[in-house]
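In what follows, a single structure is set out as structure tokens and then discussed.
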Amino acid sequence: MGLRRAAHVAWRRVGGETVVVHLRNKKIFVLNPSGGFFWHGLDGARGTEEFLKSLTFHDPLPDSASGRIEAFLRDLREADLVDAEGPPDEAPASLPEFPLPTFIPPELVWQQELRNFGTSCVFMAGSSGPCDTVPTT
Amino acid sequence: MASDEGELAGILSGFEGESFSQPIDWRALVRRAVDERVAPLLFWKLARDPRLPECERNLLRSELYRAEASNLILYRELGRLLEPLAEAGLKPPVLLKGGALASSLYEEVGHRPMGDIDLLVPREELDRWLELAGKASFRRLSPEMSPGLDRAIHYHVALAGGPESEAAIEVHYGLIAGESDWRAPDPRWFLERTETWRAPTDADAYSARQLDPTAHLLYLSAHAMLQHGGASARMIWFYDIHLLLSRWGGRIRWSEALEQARVFHWDAALAAALERTRALFRTPLPPGGLEELKVEPAGRGAREVRRRRDPGRSRADVVWSELRSVGIGRGFLWALGILFPRPEYMRWRYPEAGRLWPAFYPVRWARVLREGSRALLRKRTAG
């Protein structure tokens, strides 16, 4: 089954990791470099089988690889970060090379809620140091 | 300089060995870093340092991710706001402070936490901007206290976007203060000194500009020392200046910066911001740069910078100072606005009041009276 990144997420590569934000529930997820590789390949045309076919290493893939990729994609689904519906992109981008010399399981390595978003003065009129020029009472 | 402040600045600028006390109070250091908005930077500097305890490491890491996520949302909303810009025939806006610098000056967008994104637009285009923003489902974050007060006194309109209206974008039509305030510069000088802004990713195709290094240095200095004041200025603002001088220093036209600082009455603010930056991060300044400013200690700018350095300033002091800065006529209008804001403002300001919002007028007056009396008493005691 092809999965695609959901429309309500935003993401960015930070060093080797990928930071994914669920824009509705304001949860932050961090993927390890391997997870980032699979994340960027989620264009609606790929599932576990397609990913497995695209992985080429000098050494054979471990038997557990399929299960680990499947578990990772399941985690993404459970976190509501991907959609299973909808047609694939017309021309799915080709996958880059796997970023590591051997297969490392993709994982969500960090989760947290985005609390206290926005420390703008207008959110905290008169209640904090940097906002003390807002003349509201 | 407090010891944890010195340690923090030392780590950020790479001379920690000389400034570290033993043993390091990591908890205090991390707390300070969060307060000063430099926690993501501290994590970046210490990520591989085995001395950093696990608990503090995780806290800093979490701050980095928080900044990355917040900035992602802010830039996404900025893109949404700017998308219809070209069609509307409006010029690209000028990004200020963090919104400009996070992607163009810092190594990673998340190293520069932002509470909002600030844009500068020509005053005469403000109405069209607000119209466009409304069409893109942005709304004003707060109603005006009284009709026309924003244009008369203030210098920006705060808009809220995002799925839960959590992303604030401030559209500035002036800088630092309202146009009648002596601290406010002619924004046209800044609008003429801009350069191409580097968006966070190539995919962010929207067009915006940023101040050139000379104009940005002036604005950052005045923002830290004259808008907020030294007592409440965050370390991240001086780190902005440190990075700007370290990376773009060669592009700063110092003679123009010094001359214009005098024209805007910002010479004391520029000198104070540069001194503070150098004290924190040992930032090299051009030889004789500070001396050439020849700041007059009794001048209006110097007095204001000193006043704003006082950590004991109450809100009443701040409001009084703002009222005086805008002159008698507009100050009176503003004071009226504070005491008798329009109903929309009251309902926004006191949501807990429900239908009883009119009852909060006396609450407001009592608070103004109480804080004013306290400030007067404090002045008398100090005097």
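Any chance region B:41-48 includes a residue that's without any contact (Cβ under 8 Å) to a residue 24 or more places away in the chain, facing chain A (nearest Cβ under 10 Å) and part of a helix (DSSP H, G or I)? No, the conditions are met nowhere in region B:41-48.
Taking region A:1-23 as the range and being farther than 15 Å from B:TYR65 by Cβ and either out of contact with any strand residue (DSSP E or B) (no Cβ under 9 Å at 6 or more places or on another chain) or of a type in the set (Asp, Glu) (or both) as the test, only A:MET1 passes.
Looking only at residues of region A:16-54 that are more than 14 Å from chain B (Cβ to nearest Cβ) and in a loop (DSSP other than H, G, I, E, B), we find that the one that is farthest from A:GLU97 (Cα to Cα) is A:GLY47. Only one of these is free of Cβ contacts under 8 Å to residues at least 12 places away in the same chain, under 23 Å from B:LEU74 (Cα atoms) and among the β-branched types (Val, Ile, Thr): B:THR194, B:THR201. Name it. Answer to the selection: B:THR201. Meeting the requirement of 3 or more residues that are surrounded by 19 or more Cβ atoms within 10 Å (Cβ to Cβ) and assigned by TED's automatic domain parsing to the domain that holds B:ALA375, the helices (runs of 4 or more DSSP H) wholly within region B:283-334 are B:315-325. Within region B:85-100, at least one residue is away from chain A (no Cβ under 14 Å), surrounded by fewer than 19 Cβ atoms within 10 Å (Cβ to Cβ), modelled with pLDDT of 90 or more and closer than 21 Å to B:ARG198 by Cβ. A:LEU114 meets all of the listed conditions (1) closer than 30 Å to B:GLU77 by Cβ; (2) away from chain B (no Cβ under 14 Å); (3) modelled with pLDDT of 65 or more; (4) surrounded by 14 or more Cβ atoms within 10 Å (Cβ to Cβ) but one, namely (2). If we keep just the residues of region B:56-78 that are in contact (Cβ under 8 Å) with a residue 12 or more places away in the chain and over 19 Å from B:PRO200 (Cβ atoms), which is farthest from the other protein chains (Cβ to nearest Cβ)? Going through the qualifying residues, I end up with B:GLU56.
Filter region B:335-365 for residues that are facing another protein chain (nearest Cβ under 10 Å) and over 28 Å from the mean Cα position of the chain (by Cα); which is surrounded by the fewest Cβ atoms within 10 Å (Cβ to Cβ)? Step by step, filter region B:335-365, then rank; the result is B:VAL363. Residues in region B:259-282 that are farther than 13 Å from B:LEU220 by Cβ, out of contact with any Ser or Thr (no Cβ under 9 Å at 6 or more places or on another chain) and not in a loop (DSSP other than H, G, I, E, B): B:GLU259, B:ARG262, B:VAL263, B:ASP267, B:ALA268, B:GLU275, B:ARG278, B:ALA279.
The values are calculated or read from the model by the stated rules, or taken from the named source; none is laboratory data. Everything numeric here is computed off the predicted structure, so don't read it as measured data. Ideal geometry is used to build each Cβ from the backbone, glycine not excepted, and the neighbour counts take in all protein chains shown.
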